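Notes to accompany the following structure.
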């Protein structure tokens, strides 16, 4: 069998083969890019799942606090009222003791020392 390929046909085959090699190289590069993007997508999805799980936990905690909030406000009002009542009573006692003090004790200098 004799080799009947012409130099022009041989050049055409070489050209087409080089084009195929370049196309395969580009496909490999694009495949690597897609794999990297897929990995980032999986990591992002896992991060979102963790975030939503954390949000659900926080939501439960917030609902518990919201349930107790009216009671806390009521108790806070009672505590503030009690503190004000004690301050008023203490101030009344101090004012009464100062106004009922004998004049000799009121003008006497204090002894330190």
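The length gained by stretching the chain between residue 25 and residue 88 to full extension, at 0.36 nm per residue less their Cα-Cα distance, is 13.8 nm. Centroid-to-centroid, using Cα positions, region 9-40 and region 75-98 are 87 Å apart. Label-to-label distance for residue 44 and residue 57 is 2.5 nm, based on points extended 7 Å past Cα in the beta-carbon direction. Based on Cα atoms of region 8-100, Rg over Rh with Rh as the Kirkwood radius reads 1.79.
Since every read-out is calculated from the coordinates, none of them should be taken as a lab result. Computed from a prediction, not measured in an experiment: that's the story for all the values here. In this analysis, Cβ positions are derived from the backbone assuming ideal geometry, glycine residues included, and neighbour counts consider all displayed protein chains.
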